[in-house]
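Please treat every number below as a calculation from the coordinates, not as lab data. Just so you know, these numbers come straight off a predicted model, no measurement behind them. Glycine gets a Cβ as well: all are built from the backbone with ideal geometry, and neighbour counts include every protein chain shown.
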Amino acid sequence: MGDAPGQIGRPSKIICVGRNFADHVKELGNPMPEEIVFFLKPPSALSQEISWREGLEYEGELAFRIEKGAITHVAFGIDLTLRPLQRALKAKGLPWERAKAFRGSLVVSPFLPLQNWRDLELRLYRNETLVQQGGTWQMLYDPNLILAQAEEIFGLEDGDWILTGTPAGVGTIERQDRLRGEIWRQGRLILKYEWVVV
C-alpha cells in the first residue's frame, strides 16, 4: 500500500487527542472532558500495515503535520487500540500507553498540503460499509486550540504530527478486513487511502 509514514519524514513525536467528539465519548461511556485529553505515540508506533491482534479496534482520525508552528499538511490516520487492555488499565487508574502506543498502533496515509483545516470531514469504510464520519466543526476542541495547547505543553518541532480524535463508530478489526479512509471538503473528495488487515 505504499510507504506512507516515511513519505514525508518521520516525526519526533505524535501528539494524539482523546475524547474530542461528543458522540464517541458517549459510545465508550466516558465522562465529557473538561480540558483537552492528550496522549503520545512514539515514532516506533508507525507501521505501513495493520497487523491483527485480539481485541484490536480502529479509530479513524485527521492527522495534521506541523511546520513552524502551523498546520501545513493533512493525512488520514487510523489509531489502533487494544480496547480490552485499555479498559483494564483505565479501571486500575493506570496510563493507556500499553493499549495505545505499542509498535504498529498507527497507520497514516500520504500527507496532502493544506492551507486551511476548516470544513474537513473524515469517513472510514470497513469492507465498503461506512462506519465513521465526522467533521472539524463537530470537534469539542478545534485544531487551532489543540495546536496552541500542544505547543505550550510539549513544545512542537517541525515535522511533528497531531491526531485530532475520532468520531463515533469505532469497532473491532478482523483479518482481511479492508479499511478505506477518506477526507472530504465541502462535498469534494480530496484524499483516499486503503489498508488490508493482515
With DSSP loop assignment and no more than 12 other C-beta atoms within 10 Å, the trypsin sites (Lys or Arg not before Pro) in segment 121-198 are Arg175
At a 10 Å Cβ-Cβ cut-off, how would you order Glu34, Glu152, fewest neighbours first?
Glu34, Glu152
Compute the convex hull volume of the Cα atoms of segment 37-78, divide it by the residue count, and report the result per residue in Å³ as a whole number.
117 Å³
Under 25 Å Cα-Cα from Lys92, which lysines qualify once same-chain neighbours fewer than 8 residues away are excluded?
Lys26, Lys41, Lys100
Helical mean residue ellipticity (222 nm; -39500 (n - 2.57) per DSSP H run of 4+; nearest 500) of the chain:
-4000 deg cm²/dmol
Ser12 versus Phe38: modelled label distance in nm, points set 7 Å from Cα along the beta carbon direction
1.4 nm
What FRET efficiency comes out for Glu152 versus Gln176 if R0 is 41 angstrom and r is the Cβ-Cβ distance? Round to the nearest 0.05.
0.40
Give the value in nm², to one decimal: projected area of the alpha carbon convex hull of the chain, averaged over all directions.
10.1 nm²
